[in-house]
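Reading through the structure tokens given below for one structure.
The values are calculated or read from the model by the stated rules, or taken from the named source; none is laboratory data. Quick caveat: nothing in here was measured; it's all calculated off a predicted structure. Every residue, glycine among them, receives a Cβ derived from its backbone with ideal geometry; neighbour counts consider all protein chains shown. Side chains are part of the model used for accessible areas, which takes the heavy atoms of the whole protein and leaves out ligands, DNA and RNA. Shrake-Rupley method; radii C 1.70, N 1.55, O 1.52, S 1.80 Å.
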Amino acid sequence: QTMKTIITIVLSVCVFMWVVSRPYAEPPTVTASWYGKESAGITANGERFDGTGLTAAMYEWQGKLIPFNSLVKVTLGPKSVIVRINDRGPNKRLGRAIDLSRQAFAQICDPAAGLCKPKLEIIRFGK
């Protein structure tokens with residue numbers, strides 16, 4: 001009985017140490033673009049597009065539909081911005097995961113670049 005207890009404790013400690021020593025999964029890098037006044041009009045959720053707002057167009061992430069009003073943290077190096085999803089897109093054939101408003105894009109990258117490779121994190125799913 002004592003030997004069984006010792007083996008159970010040793011195995012538990014080994015499993016615990018293995019779990020603790022594993023690195024946290026890094027969010028994958030994606031391609032992001034921005035859209036501005038040339039896209040002026042009504043967004044997919046019925047709002048008037050505002051290029052100065054911290055909003056974005058996104059359809060799905062890791063196989064899940066992203067509801068409108070979800071909050072997504074977009075991080076590029078030390079800079080990040082939290083955007084609200086209020087539109088659908090971007091064009092998946094172009095290999096982009098998210099289209100940011102010009103204002104949101106400018107907070108993490110120079111809009112003249114057109115594209116950047118940030119990491120995305122879903123902060124809150126919309127309703």
| request: Would you please list the contacts, defined by Cβ atoms under 8 Å and residues six or more apart or on different chains, that run from a residue in segment 9-29 that is at pLDDT 80 or above to a residue that is among the basic types (Lys, Arg) and open to solvent by less than 100 Å² (accessible area, probe 1.4 Å)? | output: 29/119
| Would you pick out the residues in segment 77-91 that are open to solvent by 50 Å² or more (accessible area, probe 1.4 Å) and not basic (Lys, Arg)? | 77, 78, 80, 82, 91
| remark: In segment 61-91, anything part of a loop (DSSP other than H, G, I, E, B) and either in contact with a Leu (Cβ under 7 Å, 6 or more places away or on another chain) or not aliphatic (A, V, I, L, M) (or both) is listed as 62, 63, 67, 68, 69, 70, 77, 78, 88, 89, 90, 91
| message | Here's a check for you: in segment 92-123, which residue that is part of a loop (DSSP other than H, G, I, E, B) and open to solvent by 80 Å² or more (accessible area, probe 1.4 Å) is farthest from residue 59 (Cα to Cα)? | response | 110
